[in-house]
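Nothing in this text is a laboratory measurement; each read-out follows from the coordinates by a stated rule. This structure is a prediction, so every number in the text was calculated from the model and none was measured. Here the Cβ positions follow ideal geometry from the backbone for every residue, glycine too, while neighbour counts run over all protein chains shown.
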Amino acid sequence: PHFIIRVPEKEDALCFNINEEPGVVLNLIRDPSTGISISGQIIGEKKVNVKNQKTYFGRLGIVNTRADLKIEVTTQKITLWKGLDQTNFTWMNTVMVKQEGLSLQINRKKNIVVSIGDGVSFVIILHQVWKNLPYHHDFLGLYTVDSHRMSVQTHGLLGQFFHPIDFEVFDVRPGSDPSKPDATMMVKNHKLTVTRGWQKDYRKDPRHGSEVPCWFIHNNGAGLIDGSHTDYIVSDIF
Amino acid sequence: LPDTVLNGIEVYSTKISCKVTSRFAHNVVVTRAVNRADTAKEISFDVELPKTAFITSFTMTIDGVTYPGNIKEKEVAKKQYDKAVSQGKTAGLVKASGRKLEKFTVSVNVAAGSKVTFELIYEELLKRHLGKYEMFLKIQPKQLINHFEIEADIFEPQGISSLDAEATFMTNDLLGVLTKSFSGKKGHVSFKPTLDQQRSCSNCTTSLLNGDFTITYDVNRESPANVQIVNGYFVHFFAPKDLPVVPKNVVFVIDVSGSMYGRKLVQTKEALLKILEDMKEEDYLNFILFSSDVTVWKDTLIKATPENLKEAKDFVKNIQDQGMTNINDGLMRGIKMLNEAREANVIPKRSTSLIIMLTDGEANVGESRVEKIQENVRNAIEGKFPLYNLGFGYNLNYDFLEKMALENHGLARRIYEDSDADLQMQGFYDEVANPLLVDVEVQYPENAIADITQNNYQHFYDGSEIVVAGRLVDQDLNSFTADVKGQGALNDLTFTEEVDVKETEKALKEQKYIFGDFIERLWAYLTIQQLLEKRKNVQGEEKENLTAQALELSLKYHFVTPLTSMVVTKPEDNIEQEAVADKPLEGKPEPITSSYATQYHHQPPAKPYYYVDGD
């Protein structure tokens with residue numbers, strides 16, 4: 001899966017990929033203060049023996065320990081737990097679910113907007129592909145809205161970027177691809193070689209997306225993310 | 001004479017064709033016969049159809065001359081009927097038959113060598129019940145038939161998820177001529193036994209085909225709702241799945257008067273014990289027993305914990321019959337208990353309450369004026385929860401029970417005195433045991449839709465379906481949104497259905513299975529049914545208005561409803577006779593042929609009574 005980190009202070013964006021095996025679960029957001037955490041499980045393409053297999057998120061789990069609430073979203077269904085009681089929906093629903101501390105809007109075959117507590121919202125987008133395509137299958141996208149409402153203790157592959165981040169880019173030079181220049185970036189006391197590129201934001205147009213120019217950090221975000229990407233591998237979606 | 005000739009009459013064929021489109025069933029029963037005798041003979045045609053169905057047409061063709069049935073306002077038909085009665089020339093054509101059916105019978109004298117064709121058409125909206133739609137056909141030919149055939153074509157735009165057909169008379173041999181198949185939106189059932197396969201034994205001339213033929217199916221439910229539009233009328237089906245069950249607070253108000261003595265009480269206890277086994281721990285319950293007095297199991301509602309359920313079972317096992325029938329005090333105690341539990345927050349905030357009352361007799365002690373009991377109950381419940389009335393047997397005022405249930409958002413159900421009465425009670429409980437949503441309201445844009453059928457329901461039960469139909473005001477409307485709001489066990493839910501009018505209409509019109517104006521007829525059927533039900537709760541001008549509306553629709557759409565009659569003119573010895581097909585009413589069963597004591601003091605009858613009724 002690819003990650004895009006918008007940095008409003010710099011009016012720019014950072015991006016990186018995490019390449020892991022299908023089935024691996026990554027901790028994306030964890031806020032011990034609000035009790036909210038989000039993890040994502042990776043899926044691969046339909047055919048397994050493909051060189052440079054692309055990976056995506058196929059399953060996301062949202063937990064709010066304070067409200068004893070869990071939400072599991074797959075490309076097939078959406079399951080909501082309050083304690084042991086569960087409610088199931090499919091992507092064929094257009095439904096607004098409201099309960100104490102949670103608002104969940106499912107927009108049929110498009111997206112889900114989850115609002116927890118006083119304001120933090122997550123948008124999960126269903127990327128549907130033609131079911132007869134030989135390689136690809138449906139996958140999910142996760143976007144965070146109003147991330148400033150999360151506490152300063154928030155961490156995770158995405159969550160660590162909810163706090164202001166500073167970086168500097170210099171020595172912009174031609175890269176191996178003429179349309180994508182390389183540069184040197186100073187971030188978190190690391191000197192990294194980055195590449196100018198584009199990634200897609202699918203919030204408004206889930207089919208085509210809109211292109212976001214960003215500085216791409218190679219090697220699973222090494223140097224940009226705290227520690228190694230394997231530090232974010234967890235055993236279970238919840 | 002061949003085996004197909006009985007008493008000089010040969011039946012060429014009987015064909016039952018059912019076309020179901022979006023749960024709306026259009027059934028045509030055609031029988032062709034000939035008088036092979038050398039004298040005039042009476043040929044009769046019997047069809048048993050569901051009580052929920054409306055006859056829409058009947059014709060009788062004798063030697064090429066067709067005698068159609070005319071559907072008229074009941075009063076108009078009655079005048080004609082009375083005139084004919086005075087001349088001794090009439091017969092009622094329809095009467096109640098058992099629990100689910102009513103029987104249409106017509107007979108006609110046919111000259112030697114003459115042929116007759118009978119054709120009866122009836123329609124009904126199949127109701128979803130415990131997760132299935134059921135179409136019920138009673139098969140009982142009086143003799144062997146050259147060509148006997150049942151053909152059912154089902155078209156469901158949501159796609160069919162399961163389809164089955166079975167008959168109580170099925171043998172291995174007959175299984176070979178029963179075909180059932182479904183794929184995508186279409187389902188098909190066919191049953192065509194040969195003449196030999198119809199024989200009750202290898203050389204017999206009597207028919208093996210005698211019993212119930214039932215077709216059951218369900219549709220795909222990827223989406224909780226489905227809206228269909230044809231010719232400016234729409235129908236909206238709503239049945240979400242996989243929602244948690246809303247906890248319920250149930251008060252069972254049980255008649256234990258002397259008339260419940262014997263098998264009735266044994267069956268009631270068996271049903272209650274089974275129901276207790278199915279109770280969920282988050283539910284609350286209590287038992288209120290009424291006879292001349294009222295006794296309660298506990299003073300307040302009790303949580304259905306395993307320990308409490310064990311105690312409840314012991315209580316049920318020890319229920320004894322005694323005394324008379326004090327319906328009013330029994331109900332009032334139950335209502336008070338539910339109201340107090342809600343006020344004192346004893347029961348969960350997100351839970352729903354209901355009363356299930358079972359009685360086998362009429363109120364005869366305490367407040368016995370039915371109007372006053374109704375008023376008391378209505379004022380005490382104030383629309384806060386539904387009342388379900390189970391009427392055990394026939395020796396009771398069913399109209400009163402039904403009216404009281406309807407005005408308190410519930411329904412009445414008759415429990416037939418039979419070996420399976422306990423199963424009937426359990427079956428009813430199963431229907432209302434799993435509420436998934438409460439206070440359900442279906443909303444449409446005001447200026448886009450008109451003449452909608454009932455759009456708010458106190459409960460949506462698992463395995464059932466909410467159906468709302470209406471008319472599009474603007475024929476050029478491109479799209480509209482339907483919202484269904486309800487409270488679930490954990491949360492408030494609003495389901496939204498975006499309807500693309502043109503696309504939906506186009507998709508349905510392309511299907512060959514559809515019989516033209518079925519959504520309009522479905523709407524008319526549902527509207528009439530609901531108007532008739534509402535009519536039971538009101539008086540005076542309001543009742544007149546509802547009656548007028550229901551009558552107008554019954555006549556416009558040619559439905560034999562409780563407000564209309566079908567007059568059939570039969571040629572008899574060159575004199576035309578008239579017969580009338582009326583819809584029998586549930587509250588007024590066939591006359592009971594034995595008397596029954598309803599009042600006695602602490603002296604139950606020495607032996608149980610047995611009686612037969614008109615069924």
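Some notes on this structure:
- Approximate spin-label separation B:T305-B:F169, in nm, with each point projected 7 Å along Cα-to-Cβ: 5.6
- Residues A:H218, A:H229, sorted so that the one with the fewest Cβ neighbours within 10 Å comes first: A:H218, A:H229
- In plain terms, the residue of B:S479, B:S107, B:S353 with the fewest other Cβ atoms within 10 Å comes first and the most crowded comes last, giving B:S479, B:S107, B:S353.
- Over segment B:1-70, volume per residue of the alpha carbon convex hull, in Å³: 125
- Cross-linked pairs B:K103/B:K180; B:K51/B:K583; B:K372/B:K536; B:K15/B:K142: Cα-Cα separations exceed 18 Å for B:K103/B:K180.
- A simple charge model with +1 on the Cβ of Lys and Arg, -1 on the Cβ of Asp and Glu and nothing else charged puts the dipole of the protein assembly as shown at about 1080 debye relative to its Cα centre.
- Neighbourhood charge, 14 Å Cβ-Cβ cut-off, centred on A:V63 and excluding it, Lys, Arg +1 and Asp, Glu -1: +1
- In the structure shown, the pairs B:K192/B:K274; A:K54/B:K186; B:K138/B:K403; A:K109/B:K185; A:K131/B:K502; A:K77/B:K274 are assessed against 32 Å; a Cα-Cα span above that value is assigned to B:K192/B:K274; A:K54/B:K186; A:K77/B:K274.
- Radius 10 Å from Cβ of A:D182, net charge of other residues (Lys, Arg +1; Asp, Glu -1): +1
- Checking the Cα-Cα distances for B:K19/B:K41; B:K19/B:K543; A:K47/B:K241; B:K127/B:K248 against a 30 Å cut-off, the pairs over it are B:K19/B:K41; B:K19/B:K543; A:K47/B:K241.
- Cysteines in the protein assembly as shown that, by Cβ-Cβ distance, have no pairing candidate under 4.7 Å: B:C18
- Assuming charge only on the beta carbon of Lys and Arg (+1) and of Asp and Glu (-1), the dipole of segment B:149-284 about its Cα centre is about 180 debye to the nearest 20.
- Pairs of Cα atoms farther than 42 Å apart, the protein assembly as shown, %: 48
- Relative contact order computed over segment B:2-125 (Cα-Cα under 8 Å; 6+ residues apart), in percent: 40
- Point-to-point label distance, B:N203-A:D236, nm (Cα→Cβ direction, 7 Å offset): 7.4
- Averaging the Cα positions of each part gives two centres, and for segment A:145-204 and segment B:378-447 these lie 63 Å apart.
- Per residue, the average separation of C-alpha pairs within less than 8 Å and at least 6 apart gives chain A a relative contact order of 20 percent.
- Segment B:289-367, relative contact order in percent, only Cα pairs under 8 angstrom and at least six apart counted: 43
- For the pair B:N456 and A:V172, a Förster radius of 60 Å applied to the C-beta separation gives a FRET efficiency near 0.40, rounded to the nearest 0.05.
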